[in-house]
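K.L.:
Got a structure for you, written out below as C-alpha cells; questions coming shortly.
Each value in this text was obtained by applying a stated rule to the coordinates, not by laboratory testing. Source: prediction; values computed, not measured. Neighbour counts are summed over all protein chains in view; Cβ atoms, including those assigned to glycine, are modelled from backbone coordinates with ideal geometry.
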C-alpha cells in the first residue's frame, strides 16, 4: 500500500519514494513505450540529480519551469492510479525539498 509523503515528510522518505516510483515508471515504459512514460522516467532521473544530489533548484519557480509531473498526474492519469498520487507527491517534494526534515541532522 502506498505511503503518502504527507505521512513522513523527510528527505529519506522522499528519496525512497523517488526510487520506488522510478522503478515503476521504467516498468510502464518497457510495457507501453510511450512518450508519456519516457518523459516521466527522464524527469524522475533529473529530479534525483538536480533536486536531491546537487540541490541545484533553489525555488519553486525553477521546479515548475523544469518539471511537468504534476500536470501529467492531473491530466493523464486516473485518480485511482497509484502513480497519480506518487507523481503528485514527487512534484510537491521537489518544490519543498529544502523544507523536508533531514533525519541525518
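K.L.:
Take the residues in the stretch 91-105 that are outside any loop (DSSP other than H, G, I, E, B) and touching a helix residue (DSSP H, G or I) at 6+ places or on another chain (Cβ under 6 Å), then tell me which one is surrounded by the most Cβ atoms within 10 Å (Cβ to Cβ). Outline the logic, then answer.
P.N.:
So the first thing to find is which residues in the stretch 91-105 are outside any loop (DSSP other than H, G, I, E, B), and the list is 91-95, 97-99, 101.
Applying the additional criterion that residues be touching a helix residue (DSSP H, G or I) at 6+ places or on another chain (Cβ under 6 Å) yields 91, 93-95, 97.
Details: 91: 22, 93: 23, 94: 25, 95: 19, 97: 18.
For the stretch 91-105, the residue satisfying everything is 94.
K.L.:
I would also like to ask the following. Does residue 27 satisfy the criteria of being touching a strand residue (DSSP E or B) at 6+ places or on another chain (Cβ under 7 Å) and surrounded by fewer than 17 Cβ atoms within 10 Å (Cβ to Cβ)? Lay out the reasoning, then the answer.
P.N.:
Details: touching a strand residue (DSSP E or B) at 6+ places or on another chain (Cβ under 7 Å): no; surrounded by fewer than 17 Cβ atoms within 10 Å (Cβ to Cβ): yes.
Against the criterion (touching a strand residue (DSSP E or B) at 6+ places or on another chain (Cβ under 7 Å) and surrounded by fewer than 17 Cβ atoms within 10 Å (Cβ to Cβ)), residue 27 does not qualify.
K.L.:
So residue 17 ticks every box in (1) exposed (fewer than 15 other Cβ atoms within 10 Å of the Cβ); (2) closer than 15 Å to residue 4 by Cβ; (3) under 14 Å from the mean Cα position of the chain (by Cα) but one. Which box is left unticked?
P.N.:
(1)
K.L.:
When the stretch 29-59 is examined, which residues are found to be touching a helix residue (DSSP H, G or I) at 6+ places or on another chain (Cβ under 9 Å) and farther than 21 Å from residue 96 by Cβ?
P.N.:
Once the filter is applied, which keeps residues that are touching a helix residue (DSSP H, G or I) at 6+ places or on another chain (Cβ under 9 Å) and farther than 21 Å from residue 96 by Cβ, the stretch 29-59 yields 29, 30, 31, 34, 36, 37, 38, 39, 41.
K.L.:
So, one more: Take the residues in the stretch 65-76 that are part of a helix (DSSP H, G or I) and touching a residue at least 12 places away in the same chain (Cβ under 8 Å); name whichever of them is farthest from residue 34 (Cα to Cα). If you could, list the steps in order and put the result at the bottom.
P.N.:
Narrowing the stretch 65-76 to residues part of a helix (DSSP H, G or I): 65-66, 69-76.
Keeping just the survivors that are touching a residue at least 12 places away in the same chain (Cβ under 8 Å) gives 66, 69-70, 72-74, 76.
Values: 66: 20, 69: 15, 70: 18, 72: 13, 73: 15, 74: 18, 76: 12 Å.
The qualifying residue farthest from residue 34 (Cα to Cα) is 66.
K.L.:
What residue, among those in the stretch 1-12 that are in contact (Cβ under 8 Å) with a residue 40 or more places away in the chain and part of a helix (DSSP H, G or I), is surrounded by the most Cβ atoms within 10 Å (Cβ to Cβ)? Before the answer, list the steps.
P.N.:
From the stretch 1-12, those in contact (Cβ under 8 Å) with a residue 40 or more places away in the chain are 2, 4-6, 9-12; that's our starting set.
Subset that is part of a helix (DSSP H, G or I): 5-6, 11-12.
On the way: 5: 21, 6: 8, 11: 18, 12: 13.
Per the criteria, the residue is 5.
K.L.:
From the list 62, 26, 79, which residue is in a helix (DSSP H, G or I), more than 13 Å from residue 96 (Cα to Cα) and either free of Cβ contacts under 8 Å to residues at least 60 places away in the same chain or touching a helix residue (DSSP H, G or I) at 6+ places or on another chain (Cβ under 6 Å) (or both)?
P.N.:
Details: 62 fails: more than 13 Å from residue 96 (Cα to Cα); 79 fails: in a helix (DSSP H, G or I).
Step by step, each of 62, 26, 79 is checked, and only 26 is in a helix (DSSP H, G or I), more than 13 Å from residue 96 (Cα to Cα) and either free of Cβ contacts under 8 Å to residues at least 60 places away in the same chain or touching a helix residue (DSSP H, G or I) at 6+ places or on another chain (Cβ under 6 Å) (or both).
K.L.:
Another question, if that's okay. Pick out the one residue from 22, 87, 100, 44 that is in contact with a strand residue (DSSP E or B) (Cβ under 7 Å, 6 or more places away or on another chain) and under 20 Å from residue 8 (Cα atoms). Give the steps one after another, and end with the answer.
P.N.:
On the way: 22 fails: in contact with a strand residue (DSSP E or B) (Cβ under 7 Å, 6 or more places away or on another chain); 87 fails: in contact with a strand residue (DSSP E or B) (Cβ under 7 Å, 6 or more places away or on another chain); 44 fails: in contact with a strand residue (DSSP E or B) (Cβ under 7 Å, 6 or more places away or on another chain).
Exactly one of 22, 87, 100, 44 is in contact with a strand residue (DSSP E or B) (Cβ under 7 Å, 6 or more places away or on another chain) and under 20 Å from residue 8 (Cα atoms), namely 100.
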